[in-house]
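Below: the structure, in structure tokens.
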Amino acid sequence: MQKILRIDPKDNLIVALRDLAQGDIIENDGQRIQLVTDVPAKHKFTREPVPVGGIVTLYGVPVGKAVAPLQSGERITVDNVVHYAAEVDLSDAVPYMWKAPDVSRWANRTFDGVIRPDGRVGTANYWLIIPLVFCENRNALKLRDALERTLGYAGDHLADFARSLVGGTGCAPAPRPFPHIDGIRAITHNGGCGGTAQDAWTLCRMLAAYADHPNVAG
């Protein structure tokens, strides 16, 4: 079984794939490294000496800075290394430019959608029940259940299956008086009471976004 893994050629840290003992000789890329500490599996050790303030690298990038002198073959711990990440240089970054894809092959394709007054198109047509405070969640769900049964949107496939096991038949759904409505949804949440003004503003914006979705009829 392979004992070690050097992830990137630029790394000065090596990963132990099995428990290694102090005094073991590790060979990597033509270099012989004698461990000066035990190194448990999945831990890392140094390939070369690292001074205080020196950078240790893994995956080809800096991952830490030495807070104590590190010998070659020494295990890396939270006592001798602290987290470090190099500054990100965006000076040569190219601004992202979005290019519209070619959709000409779908120019004459259509689908059964809903065109809203503002020109947006929905793929469904739902009614929403939106409580403004979490203590109304149960009422919203009760209202949804009552409307689903009455208006023909309720379906219980598990109950129908259970009836079939004892020789019964499924219950036919009620006729839908609003054939263009696809269903009823209750948007429950855990906010609206006892929060800060910013919490309330965030909640209202989220609920308004649901209400304003093109798939929502009302």
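Within the set of other residues whose C-beta is less than 11 Å from the C-beta of Tyr153, count the net charge using Lys and Arg as +1 and Asp and Glu as -1.
+1
For the peptides 105-117, 202-214, the ranking by packing is 202-214, 105-117, with the highest mean count of neighbouring Cβ atoms within 10 Å listed first. Taking every C-alpha pair closer than 8 Å and separated by at least 6 residues, the mean separation divided by the residue count of segment 1-87 gives a relative contact order of 27 percent.
Counting only pairs 8 or more residues apart or on different chains, how many lysine pairs in the chain have their Cα atoms under 30 Å apart? Please report the intermediate quantities before stating the final value.
Values: Lys3/Lys42; Lys3/Lys44; Lys3/Lys65; Lys10/Lys42; Lys10/Lys44; Lys10/Lys65; Lys42/Lys65; Lys44/Lys65.
Close lysine pairs under the 30 Å cut-off: 8.
When the helix-only estimate is applied to the chain (DSSP H runs of n ≥ 4, each -39,500 (n - 2.57), divided by the residue count), what is the mean residue ellipticity at 222 nm, nearest 500 deg cm²/dmol?
Helices in the chain give a 222 nm mean residue ellipticity of -5500 deg cm²/dmol.
Counting Cα-Cα pairs of segment 22-78 in 5 Å increments starting at 0 gives whole-percent bin shares of 4, 19, 29, 27, 18, 3. For q = 0.23 Å⁻¹, what log10 I(q)/I(0) does segment 33-152 give under the Debye formula with an equal point scatterer on each alpha carbon and no solvent? With no solvent term, the Cα-only Debye profile gives -1.26.
I'd like the carbon and sulfur percentage of the solvent accessible area for segment 1-95, probe radius 1.4 Å, heavy atoms only, ligands and nucleic acids excluded. Could you put the intermediate results ahead of the total?
Numbers: 3180 of 5970 Å².
For segment 1-95, the apolar C and S fraction of the accessible surface comes to 53 percent.
Net length available on complete extension from Leu5 to Ala209 is 68.5 nm, with 0.36 nm assigned per residue and the Cα-Cα distance removed.
Take the Kirkwood radius over Cα pairs of the chain, plug it into Stokes-Einstein at 10 °C and 1.306 mPa s, and you get 64 µm²/s for translational diffusion. The phi torsions of segment 107-121, fed into the Karplus equation with coefficients 6.51, -1.76 and 1.60 and a -60° offset, translate into couplings of 4, 9, 8, 10, 9, 7, x, 10, 8, 7, x, 8, x, 6, 10 Hz, rounded to whole numbers, with Gly and Pro shown as x.
A simple packing score, the average count of other Cβ atoms within 10 Å per residue, orders the peptides 81-92, 11-22 as 11-22, 81-92, with the highest score first. Probing with 1.4 Å while keeping every protein chain in the model, the per residue accessible area of the chain equals 71 Å².
Heavy-atom surface analysis with a 1.4 Å probe gives segment 136-218 a carbon and sulfur content of 58 percent of its accessible area. Normalising the average separation of contacting C-alpha pairs (under 8 angstrom, six or more residues apart) by the number of residues puts the relative contact order of segment 19-143 at 15 percent.
The values are calculated or read from the model by the stated rules, or taken from the named source; none is laboratory data. Since the structure is predicted, the reported quantities are computational estimates derived from the model, not experimental observations. Don't worry about glycine lacking a Cβ; one is built from the backbone with ideal geometry, like all the others, and counts go over all protein chains shown. For accessibility, only protein heavy atoms count, side chains too; no ligands or nucleic acids. Shrake-Rupley method; radii C 1.70, N 1.55, O 1.52, S 1.80 Å.
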